[in-house]
1. Let me spell it out: the conditions are (1) within 20 Å of B:R234 (Cβ to Cβ); (2) touching a strand residue (DSSP E or B) at 6+ places or on another chain (Cβ under 8 Å), and B:G423 meets all of them except one. Which number is the exception?
2. Quick one: which of B:R54, B:R75, B:R131 is part of a strand (DSSP E or B) and among the charged types (D, E, K, R)?
3. Quick one: in region B:319-328, of everything that is surrounded by fewer than 24 Cβ atoms within 10 Å (Cβ to Cβ) and away from chain A (no Cβ under 14 Å), which residue is nearest to B:V25 (Cα to Cα)?
4. Pick from region A:184-195 the residues that are assigned to a strand (DSSP E or B) and more than 7 Å from chain B (Cβ to nearest Cβ): which of them is surrounded by the fewest Cβ atoms within 10 Å (Cβ to Cβ)?
5. Can you name every one of the helices (runs of 4 or more DSSP H) wholly within region B:214-322 that holds 3 or more residues which are within 27 Å of B:Q368 (Cα to Cα)?
6. Name the single residue that is nearest to the other protein chains (Cβ to nearest Cβ) among those in region B:410-430 being part of a loop (DSSP other than H, G, I, E, B) and within 22 Å of the chain's Cα centre (by Cα).
7. Specify the residue that is nearest to the other protein chains (Cβ to nearest Cβ); the eligible residues are those in region B:154-192 that are surrounded by fewer than 22 Cβ atoms within 10 Å (Cβ to Cβ) and of a type in the set (S, T, N, Q).
Amino acid sequence: MGDRDPVLAERDAIEGALAAALARGGEFAEVFVEDRSSTGISFDDRRVEELSSGRDRGAGIRVVVGEMTGFAHTADLSTRGLHNAAEAAAAVAHAGGGGVRSVALVERKDDPVGTIGIYPEDIDKARKVELLARADDEARATSGSIVQVSAGYGDSRRLIVIANSDGLYVADDQVRTRFAVSCVASGDGGLQTGYEVLARTIGFELFDRFSVEAAAKEAARRAVGKLTARPAPSGAYPVVIKGGTGGYLFHEACGHGLEADHIMKDASAFRGRLGTKVASPLVTLVDDGTVGESWGTSTIDDEGRPAQRNVLIKNGVLTEYMWDYLRARQDGRESSGNGRRQSYQHLPMVRMTNTFLLAGTEDPEEIINQTPFGVYLAKLGGGQVNTATGDFVFGMTEAYLIEGGRITEPLRDANLIGNGPDVLMKIDAIADDFDMAPGTCGKDGQSVAVGSGQPTLRVSSVTIGGTAGG
Amino acid sequence: MAELLELAQRIASWGQPGEEVEAFVAWQRETEVRAYGGEVESLSSAESAGIGIRVVAGARQGFAYVGNLDEALARDALAEARDNASFATPDPNVGLAEPDGVAPVELELWDDSLGSMATEEKIALALELERRVRAGDARIREVVSADYGDDQSESAVASSLGISAVSRATTCYLVAYAVAGEENDTQTGAGYSVCRAPSELEIEKAAGDAVLRATRMLGATKPASARVTAVFDREVTATLLAVLAGTLSGEEVAKGRSLFAERLGERVAAPLFTLVEDPTNPLAFGASRYDDEGLASRRVALIDQGNLVAFLYDTHSARLAGARSTASAVRAGFKSTPGVRARALALVPGELDQAGVLAAVGEGLFVQGVTGIHSGVNPVSGDFSVGAEGLLISRGELAQPVREITIASTIQKLLQGIEVVGGDVEWLPSVAVGVTVAIGDVAMSGS
C-alpha cells in the first residue's frame, strides 16, 4: 500500500484487541479505526482569515453483552494501545469467564458507490483560497446593499477500518468537499442575511461541476430580497415548499421518528404503526445511502454494513424503520445500513443517510396557482424535533406570501411549527420536480453529514411563527 | 498536570525568528453510564488529548492541530500551521495575546474525589436515577435515558510572547429524559443535576424535574394565536442570554454583523436589565482562571440598567476595534482557533421567586422549553421566532398546558419589553445564568 492507502493499524493488533475485548464474556466486539485529515479555510471581511489543517487518528472499541454495551477509545493505534482500550471496553462484561475466543478476520471488498475524481490533498492551497476570493467579489458585485461577506471552504478525507468478532474486516475511503458563503445586506429596515452551500461526497471536482459565483450570487440575492420583507404572518396557513430545500423538514418531521432506537424505547409517535396509513397516499419516503455523490452517501456505514436503499413509507403506508447493528440484533433482524458515528470517539447509533420524498405528478406552478392564500417557502434553515410527540420546528430563511395564487411579497425570517404525523397527512399536492440538499444532522451530541430531498409540495395547514395578524 | 504546560512551552519555543508561536494543549477524561430497564445500557470511558498550534508571521495567521500529544506530530503540525499562514491575507490586527498584567483570580473548580470514584458507584447512580423517574408517577410510560456522566479536563496555553496559563475543572451530572402518557397523549420532560463534585449531585431533583416537566404537559392543547406576556423559565432565559451574547461579540460588531453595531452608549433594554459577563464567579460552569488565549478571566459589565456599555473582545477583535481584550477568547477544543464568546453571563437578579413572578404577571404564557433557537433567532437582523411549550398563566398561577406554538418578536423589542427579572438565580450547564424573566407583548402563534 502506498501513501494513498496508509495502514491504519496492523491486522494482528486488531485481532488481538478483539480477543481481549471478548475475554470477559463479551458476545460481540468491534474495532473501528479512523484516520481523518481535514482542511478548512475561512474568508471574512474581505480577507483570507485563516487556513487550518487537522489530523485525527484513533480507534473506538465496543463490547456487547446481552443488552449492555461497553465502549472505550484511544488515539494509540499500537498493539498495546488497542489492547488497553479493549480491556476498558470489556469492563462492562463484569460477569467474566468468557474464556479464550480468537477471531479470524476475513477481508470484504465492496464496490464503491462513487468515485473520487480529485483528492483535495492533491490541490494546492492557493487554488482553494482563490475560490473564496471569487465568491466574495461576486457577492459584493451583485448588489450595492451587500455590506459583508464571509465564505468557507472545507475538505476532509476519512480512512476507516471496521473489524468485528463475526470475522468482518472492511475498509473505506471517504472524501467530502464543501463550500459555503453568507452575506449581510443593509437597508432602511436594518440588516438581513442570506446563505448558500455546495457540498458533495466527492473531491475537488466539486468546483468543476458547480460555480462558486452562482452560490455567492444566490446568497446575496437572498439577503437583499429580505430588505423589503414584511413580518411573517402568525397562525396556521397553507404552505407550498419549493423542491429540494424542504427535504430536511421531512428528515425532522418523520425521519427521526422512524429510527429504531426511538421506536424500541417508545419514544416515537410512529411506534406500533407498521403497515398502517401514516401519511397522505401521495407520500413515498425513502432513506438511501447509495445516492450518487449526495452529502449522506457512503459505500459502507460506520459498522461496516453496505449502504442500501430503504423504503420507509410507501404510498402513505409505513413499511419500515431504520436499523443499526445493536437494535437489529435486539430485534433478531439485519441492520439496514444506518449505523453511523461522528468519529472513532463515538458509539454508533441509528442515523439517516439521504432521506427524501419521491416526486409526484403535478406542475409546481399549478400548485402555487391553486393556493388562494398562504406561504411559499423557497429556503429552509435548520430544524429540531421531539420524536416522542412528533412536534417539530423549522426556520424559514427565504419565504414569500402567496396571494390569489401568485407569489407576492417577501417575508422576514420566522420559524414554522408542526407535528410530524399531522403534516404527513396534510400533504395535498406533490409536484413532478425534485432536488436534494446537503445538511448536518445532530443527535445525542453527534453530528453526521446527511442529504435530504423532496419535490415541490403543499401542506394544507402549518403554523407560521410570525408576528403579523393574518 | 505540569506536563501539559511544559509541552505547550516547549512547542512555543520552536518558533523561527520573526514568528509568533502559540500552543494550546488539552486533555480530557470522560465517563458516561446510561441506564435502561434496570440495567446498564452502555458504559463509555475515554481519555483524549490534542494540540492546536497557531503561527503568526508577517501579519498572517495559520493553524493546525493533531489529535494526540505526540511531539513528532506536533512538529509536523507546526510546519503545517506555518505553511497555512503563508496563504492568509496580511492583517495588522492579527497577533497572539500579550501578557497584560491582570492577575488571575484563584478558582477551585477541580474535585479530586472524581478521579478515585469507582465505576460501580457511577453505575449505581444511573440505575437509581432511572428507578426514581419510573417510580415518580404512574403516568411515566418510559425513561428514554437516565445518564450519569463526568469529565475531568485540563488545558494549557503557552506562547512565544510569554503567555503561560493552565486551567482545569471537573464536572459530573445526572440527566434523565422521561416520556409520560395518558390514553393517546404523549409528553416528554428532562431533568438534571450538574455540579463539580459527585457528592453534590441531587438525584431527587433530576428525577423529580423530569417527572414534573413531562406530566404537567399532559392534556396540552394548541391555543388560539394571541399577544401575551411571556414568562421564561430559568433554562429558557439561559438559552436566550446565550443567543444575545452572540450580538455582543466585538468581532461581529466590528464586521457589521450585529444588531448592536454603532449602538454603544444607547439605551437598548428596560432599566431593570443589567447584564454582566463574569467567568471569575466559581458558581458558573463556564468559570475558568484564564481564557483560551491565556489572559486572566475578568468581570465585564455589558448592559448596565438598560444601557449598552461594552462588547466582548479577544485579542484580534480588540485590536480591530482599538479596545483591550476582555479575556473572552474561547475555543471549541484543541481543534479550533479562539473566537469571541461569553462564558458566564449573569443578570442582576430581582426580588421575586418564580411563583412571585407568575403572581405579578397574572395572565400570560409560562414557557417551559423552546426549540429552533438556531434557525429562529437571527443575531444580525434581530428577528426572533421559536417553537415553545409551556402552560398558560391564569390568575397568577400555572393553568392549561399548551403545545405546538411559536413565540415571536425581535431581540430589540424583547429587551425593551422586560417587565420582571426574578430572584431565583440558578447556575446551569450553560454560558449563562438561569433566572425567571417576564416579557410583555410577545406574539404567540397557535391555531
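The values are calculated or read from the model by the stated rules, or taken from the named source; none is laboratory data. Everything numeric here is computed off the predicted structure, so don't read it as measured data. When we count neighbours, we look across all protein chains shown, and the Cβ atoms used for this are built from the backbone with ideal geometry, even at glycine.
1. Condition not satisfied by B:G423: (2).
2. After applying the criteria, what remains is B:R54.
3. Step one: of region B:319-328, the residues surrounded by fewer than 24 Cβ atoms within 10 Å (Cβ to Cβ) are B:319-324.
Still in the list and also away from chain A (no Cβ under 14 Å): B:322-324.
Numbers: B:G322: 29, B:A323: 28, B:R324: 25 Å.
Applying the filter and picking the extreme gives B:R324.
4. The residue in question is A:G187.
5. Result: B:234-247.
6. B:P429
7. Ranking the candidates gives B:N184 first.
For every residue, the table says whether it meets (1) among the small types (G, A, S); (2) within 14 Å of chain B (Cβ to nearest Cβ).
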{"position": "A:D136", "(1), (2)": "no, yes"}
{"position": "A:S143", "(1), (2)": "yes, no"}
{"position": "A:Y153", "(1), (2)": "no, yes"}
{"position": "A:S156", "(1), (2)": "yes, yes"}
{"position": "A:I162", "(1), (2)": "no, no"}
{"position": "A:D166", "(1), (2)": "no, no"}
{"position": "A:Q174", "(1), (2)": "no, no"}
{"position": "A:R178", "(1), (2)": "no, no"}
{"position": "A:S182", "(1), (2)": "yes, yes"}
